[in-house]
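Data first, discussion second: the structure below is written as structure tokens.
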Amino acid sequence: MSDYEIIPADGYNLEYRQDHATSDGYIYSNAGSDASTFAATIEPYLPRFVSFSGASQQAEGAEDPYKFSKGTLASSIGYPACSVIFPFPQKLPPSMPKTLKLDAAGVTVTLTLIARQIEKEPMVPENLQSDLIWFSATIARHTRLTLFAGSVLQVIVSPSGDKYGLVSIFGETPAEYQVNELNGLAGLSLPKGYSYESERILEDFTFYANKLAYIVINEYFNFQRYKVGPEQRDEVGDILE
């Protein structure tokens, strides 16, 4: 991914992440089209843990500052949207290469540095009996996702009125959640004080993150904060050096 990576409606994004609590929180990604084929033929053969020293792969699970863990495959299947992922929008430390390569049973998979987790905090659930765990996070990244006209915009609203729209889906979500149906997430157990909205959009709707993304996330869904109206493009945050 020299300039950017386009993820079409059948596409995927697989991330390797540092533990934010014990490292700088950098994130590498491999993204592309045909999520089903990638999930069946490539993803199972990639290591669960990997450590990078410069541009070389070290022993799986090595305990050092460059240890990364494989995340859950994010897919656009069933969610009519197209994403664009740009390279990391901040200044890089000399020790972090822009791209890295992994072997998946003879297939070379290229990872690109795309993001850094700045903050991540657990959220109190509305339903204390729910097993669903929510986090709020700030991510340094440059991405753009367009939800196509005629689709359903799924939104959760914070107690202060900030709106967060669904931008990605992880793994196989439970059957009761229908991401492209009106009120298709109505049964989702939300963070304390949050409410849920759902609407069918008549025009393409784009989420922008030019420098920072503010997200609310659980094991199935990633919601990104956005502004309403013509100032929507300004929901970008500030670059952190």
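The values are calculated or read from the model by the stated rules, or taken from the named source; none is laboratory data. This is a predicted model, so every value here is computed, not measured. With ideal geometry, Cβ positions are generated from the backbone for all residues, glycine too; neighbour counts draw on all protein chains shown. Areas reflect the complete protein model, heavy atoms only, side chains present, ligands, DNA and RNA absent. Shrake-Rupley method; radii C 1.70, N 1.55, O 1.52, S 1.80 Å.
Counting the residues of segment 188-200 that are open to solvent by 70 Å² or more (accessible area, probe 1.4 Å), within 14 Å of E126 (Cβ to Cβ) and free of Cβ contacts under 8 Å to residues at least 60 places away in the same chain gives 0.
Scanning segment 168-187 for residues that are modelled with pLDDT under 95 and open to solvent by less than 60 Å² (accessible area, probe 1.4 Å) returns S168, I169, F170, G171, T173, P174, Y177, V179, N180.
Scanning segment 131-163 for residues that are open to solvent by 30 Å² or more (accessible area, probe 1.4 Å) and outside any strand (DSSP E or B) returns D131, I133, H142, F148, A149, G150, P159, S160, G161, D162.
Criterion first (among the charged types (D, E, K, R) and under 27 Å from Q18 (Cβ atoms)) does E119 satisfy it? When the stated conditions are applied, E119 passes them.
Which residues, counting only those in segment 113-130, are of a type outside the set (A, V, I, L, M, F, W, C) and surrounded by 17 or more Cβ atoms within 10 Å (Cβ to Cβ)?
Applying the first criterion (of a type outside the set (A, V, I, L, M, F, W, C)) to segment 113-130 yields 116-117, 119-122, 125-127, 129-130.
Residues satisfying the conditions are R116, Q117, P125.
Taken over segment 8-36, the criterion of being closer than 20 Å to K101 by Cβ and either among the β-branched types (V, I, T) or without any contact (Cβ under 8 Å) to a residue 12 or more places away in the chain (or both) is satisfied by I27 alone.
Kindly evaluate G161 against the criterion of being farther than 19 Å from V228 by Cβ and either touching a Ser or Thr at 6+ places or on another chain (Cβ under 7 Å) or at pLDDT 95 or above (or both). No: the conditions fail for G161. For S136, state whether it is among the small types (G, A, S) and under 30 Å from P87 (Cβ atoms). Answer is yes for this residue.
Summed over segment 63-75, the residues that are open to solvent by 20 Å² or more (accessible area, probe 1.4 Å) and either β-branched (V, I, T) or assigned to a loop (DSSP other than H, G, I, E, B) (or both) give a count of 6.
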